Amino acid sequence: MKAEMTPAAIALLLLLAALLVHDATARGKNKRLLVVEIAVFALGGTLIVFPEIARRLAHLVGIGRGVDFVLYPLVIWLVRESLLSRQRRYEDDRRMTELVRALAIRNATHRVAWESTNVARESDHLADLGERLRDGRYS
Amino acid sequence: MKRLAILMPAFDEGERLTRTLAELAGVSKSCGISVSITVILVDDASDTPVDFALAAKTLHDVHLVFARHVLNLGQGAALETARRLALSLDPSFDAFVTMDADGQHAPADVLALADSIFQGADIALGDRFGGASNTPASRRLLLHLARAFERWTTGLRLSDAHNGLRGFSRRAMEQMRLRQNRMAHATEITHWVARHLSSRGTAPKLTVVEVPVSIRYTEASLAKGQRATGALAILADLVRAFFFGDQREAR
C-alpha cells in the first residue's frame with residue numbers, strides 16, 4: 001500500500017500535529033486524556049496518509065468512498081452527542097432553577113401591614129406570617 | 001374575611017412597579033375590610049434590585065411578601081416561585097391572582113377575578129377583548145394566532161389565550177406547577193387548564209370562567225413586552241420541554 005502525500009493530506013497532518021503540540025503543552029496534568037488523543041490522532045493520521053485502507057474497508061461493506069466510511073459513523077456520533085448535551089443542558093437549567101428558587105424562598109422577607117394605623121413591621125420569619133394574618137393581629 | 005394573594009413577578013420595572021403597587025394600595029382601601037390582600041412580589045434578578053422598603057411603604061395596608069432570584073430565570077420561573085411562596089403560608093389564601101408589575105393590569109380587574117374565585121370558580125381567565133383594552137393591531141393579530149394555536153392543540157375555546165391576568169382557587173393553585181421558565185408558561189397554563197376541564201381519575205373537575213379585563217398598553221410596556229419573534233422562542237421552549245422534559249412529571 002502506497003502513502004499518498006497530497007497537499008491536503010500534508011495540511012491535515014500539520015493541523016493534527018499543531019493541535020497535539022498545543023494540547024500537550026497547555027493541558028497540564030491530565031496525561032490520560034493526552035494518551036487517548038494521541039491514539040485517536042494516530043489512527044486519523046494513518047487514514048489520511050493511507051486512504052487505501054479506508055477505501056478497501058468501504059468497498060468491503062458497500063460504501064462508495066473511503067472518506068464516507070469514516071464520515072458516516074462520525075456524523076451519527078456527533079448528532080447523538082449534540083442531542084445528549086442539549087438534554088444535559090436542559091436538566092442543568094432545571095436544577096439551577098430549583099436552586100435559585102430555593103434560595104429566593106429561604107431568603108424571602110415580608111411585611112405585615114397594620115391596617116388601622118398604617119404602621120409597617122418587618123420580620124424575617126415567613127412561617128409566622130400566616131399565623132399573624134390568621135389571628136388577625138395585623139389586619 | 002376573604003384572603004387574596006396577588007402573585008407578581010417583576011423584572012426591571014423601576015417606576016412602573018412603584019406606580020402599580022400604589023394603585024393596588026388605593027384599590028385595597030376601597031374594598032375595605034372584606035378582603036385582605038397580600039402581594040407576593042418576586043424580583044427576577046432585576047439590574048436595579050427592587051427596593052423592599054419602598055415597595056412595603058407604597059403598599060400601605062396591603063401585606064407584602066418579597067423574594068428575589070439571584071439569577072434571571074424568566075417570568076414563568078418567577079411566577080412559580082411566587083406560587084410556592086403563597087402556598088407555603090398557613091393558612092393559605094382563598095384566591096390567587098397573577099398580575100404583571102408593569103402597570104398593564106388594572107387593580108380593579110384583579111379584584112374582579114378574585115371575586116369570581118370567591119364565588120366558586122377554580123380558574124378565572126382575563127379576557128382583554130371583552131374589556132376596554134387599547135390592544136394594538138399587531139398585538140391583536142399575534143394573540144389571535146396564539147388563540148388558534150391553543151384551540152388546535154388543546155381544543156379549548158378561549159377568547160384570550162395569553163392574558164397575564166389569571167385567578168386561581170386554592171385547589172387549582174395547589175395542582176398547577178409551572179415548569180416553563182420563560183414565556184411559554186402561558187401556553188403551559190392553557191394546556192393545564194384544558195387537561196383539568198374534565199375529571200380525570202381522582203382529580204376533580206375544575207371550573208373555568210372568563211372575565212372581561214382592560215389591558216392598558218403604553219409605549220414602555222410595548223417596548224419591553226413580547227415581540228413577534230418571541231413566538232418562535234416560545235415554540236422552541238415548548239419543543240425542548242416536549243423532548244427533554246421528564247414525561248412522568250409532565251402528567
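The values are calculated or read from the model by the stated rules, or taken from the named source; none is laboratory data. Nothing here was measured: the structure is a model prediction, and the numbers come from that model. Methodologically, a virtual Cβ is constructed for each residue, glycine included, from the backbone with ideal geometry; neighbour enumeration extends over all protein chains shown. Surface accessibility is based on the protein's heavy atoms, side chains included, excluding ligands, DNA and RNA. Shrake-Rupley method; radii C 1.70, N 1.55, O 1.52, S 1.80 Å.
Quick look at the values:
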| item | result |
| --- | --- |
| Solvent-accessible area per residue for chain B (1.4 angstrom probe, square angstrom) | 43 Å² |
| Alpha carbon Rg of chain B, scaled by the compact-globule rule 2.2 N^0.38 Å | 0.95 |
| Per-pair calculated FRET efficiency, R0 = 30 Å: residue B:171 and residue B:137 via Cβ, rounded to 0.05 | 0.15 |
| Solvent-accessible surface ranking, highest first, for A:37, A:81 at 1.4 angstrom | A:81, A:37 |
| Potential lengthening between residue A:30 and residue A:2 on full extension [0.36 nm per residue; Cα-Cα distance subtracted] | 6.5 nm |
| Average projected area [Cα convex hull, the range A:12-118], square nanometres | 13.2 nm² |
| Span per principal axis, largest first, for the Cα atoms of the protein assembly as shown (Å) | 96, 47, 46 |
| Residue B:47 accessible area, assembled protein chains, probe 1.4 Å, Å² | 130 Å² |
| Highest average packing first - B:103-115, A:97-109, Cβ atoms within 10 Å | B:103-115, A:97-109 |
| Average beta carbon contacts from partner chains per residue of B:34-46, 10 Å cutoff | 2 |
| Extension gain, residue B:229 back to residue B:242 (0.36 nm per residue minus Cα-Cα distance, nm) | 2.7 nm |
| More than 11 Å apart - percent of Cα-Cα pairs taken over the range B:24-73 | 69 percent |
| The range B:1-136 - percent of accessible surface contributed by carbon and sulfur, probe 1.4 Å | 54 percent |
| Helix-derived mean residue ellipticity, 222 nm - over chain B, DSSP H n ≥ 4, -39500 (n - 2.57), to 500 | -13500 deg cm²/dmol |
| Most to least packed among B:229-237, B:37-45 [average Cβ atoms within 10 Å] | B:37-45, B:229-237 |
| With all protein chains modelled, accessible area of residue A:41 [1.4 Å, Å²] | 50 Å² |
| By accessible area with a 1.4 Å probe, ligands and nucleic acids excluded, highest first: order of A:53, A:38 | A:38, A:53 |
| Two-site FRET efficiency, residue B:182 against residue A:19, from Cβ-Cβ distance with R₀ of 56 Å, rounded to 0.05 | 0.90 |
| Listed residues B:174, B:219, B:13 arranged by accessible area, highest first, probe 1.4 Å | B:219, B:174, B:13 |
| Two-site FRET efficiency, residue B:191 against residue A:88, from Cβ-Cβ distance with R₀ of 25 Å, rounded to 0.05 | 0.45 |
| Three principal axis lengths of the range B:1-148 [C-alpha, angstrom, descending] | 40, 39, 26 |
